[in-house]
Each structure stands twice: as C-alpha cells, then as structure tokens.
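Heads up: the structure comes next, in structure tokens.
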Amino acid sequence: MTLLALLLALGLERLLSTHRDGGSVSALLEQLWLRLPAWLRQQPFIFWLRQQSFAPWLLALGLAALTGWLYAQVHTLLAELLFSTTALLVCLGPRDLAEDVQRLRAARAAGDAATVARLTRLLHHGPTPDADHRSLLGALFIQSHERRFGTCLWFIVAGPAGAVLYRVASRIGTVIESPGAQRQAALLHGLLAWVPARLTALLFGLAGSMDDALEALKRVHAEPPSPDQAGWQRRTWNLLAEAANASLDWEDAPGSGPMIASSLDATLAEVLRMETRATLILLALAALFSAGVWVA
C-alpha cells in the first residue's frame, strides 16, 4: 500500500506539473498552498496561537494526529489508498523542483534577468546552511529534500500522518511571527529533518558519486561546530548541500580526469536527472520495506 501510494502521488505530481497550464487540479493545489498561510493569519484563534512559543508543536502534532485519526476511520483498501495518495500529493505541493528549475533555465536562455533573480531567491527560500556552504546547487538539493524526499521518507515511516507532520513542520514558519515561536519552529523542523536529510544525501550519493558524497560528509562532520544554539540545525543543511553537490562530480574514462559541466544550464539539468535517479532508488528501498512488512 505504501509503495503504491508513493508511485501514484509522485506520478500525479509529475503529470500535474507537466500539464499545469491547462490543469485546473494542479492550479487548485498551488493556490491552496499559496493562500492557506494568508487565510490562517486572518483567523482569530490562529492570530492568538501564532504568538505562542508552543504553536509550532501544537499545530504540527495536532494536524498529524488528526490525519492519523481520519486514516484510522478508513476500513477498505481502496479508500486507504485514495486517502494516502491524496494526503501525500497535497504534502508534495505546490510545485516540484523540476518545474522551477525548468523555468530558471528558460529565463536564463531568454536573458530575462528579473525572472532569473526572482526564481533564484525562491529556490534559496527555506532552511539555509552556514555562509561557507551556501550555493545555488546546494539550495536546489535542499529544496529537493524539502519538497519531496523529506516528506516521502516520513510517509514511508509513519504513513499520511508522517507526511503531514513533516510538511507542516517545514512550512510552519510562514504562519507564525513571534521570535519564540520561530525558534521553536526551527527546532521542530531541525529535529524532524535530522535523519531524513542525511538519508537524502546518501540517496543523491547513490544517484551520483557516492565516494565524493561520503568524502563531503566526512569533511563537514570534521568542521568545528558553530557556537550558536542553532548550529546543529544548520549543520544538517551543510551536510545535505555539500554531500549532494559533491555527488555531481562526474568521472570520465580512466586517465582523462573529471568531467566538468559545460555550463550552469547543463549542471541544472543534471541536478534534475539526479533527483529522478534518487527517487527511483527511494522507490526501490520502499519496495523492500513493504516486502519486509508483508513477510513479517
């Protein structure tokens, strides 16, 4: 069931992204994700709640518990599949990484500097590593984790409730405002991402150059920890950005040295191919996990 729901949700996500211009369903999902935070801010209870430091924990755990309870009320395999697929599809929204990268490539080809700047800012939005580890490619891999792999990994472990828990935790910072709540949101997100981000780095290593990915992981782990309280959280994103970026080190025939992408556009295309390969590896691992569940 888990594998089938994963296949259906990822397939529908790609299909809706491909036909977004003419697809009312995909447009509806995008508008849901874009307008939901603004709508929530206008609700009196949410206005009060987002000022409280415990708000991120209450909202994320509460919505995950509600999802788990609703899922428990479903008693047929078909309904379970539909519920799981729908929940995961919504959590994967509003757009997959490929869509934004293709827009960026098109804007670069057209010389549209304003659109390039806007999309670059969008792709850098979200959790950021330390300054020494920030780059466009690192941001792309982080976005790939946030939009796909983190949610899918939690879905594999805890079903629809796990997907909702991670997706809400990763987005809750757009709803709350108080500094205390912001710190708690970052803490919750960091805790939930600690293991999945490292697994995502290994998935990209398997999809590219594992030796280089492991070397990058060792190098970042050997760095002295940041003295501030959030240093361990940024280290997670440091590891993901550097390990996934290192996986892009292609190798040519023996003796000819490493291959270097001919342009940034070629490198962006390779990032998308790596994401696809990493997704296939994740699905293969999910199949093994599902087989183990059935055998047990």
**Asked** At a Förster distance of 45 Å, what's the computed FRET efficiency of Ala266 paired with Thr86, Cβ-Cβ distance as r, to 0.05?
**Response** 0.75
**Item:** Interatomic Cα distance distribution for the stretch 137-234, bins of 5 angstrom, percent
**Value:** 2, 12, 19, 23, 20, 15, 7, 2, 0
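The numbers here are math on the coordinates, done by the rules we state, and not lab data. This structure is a prediction, so every number in the text was calculated from the model and none was measured. Note that we place each Cβ from the backbone using ideal geometry, even for glycine, and neighbour counts take in every protein chain shown.
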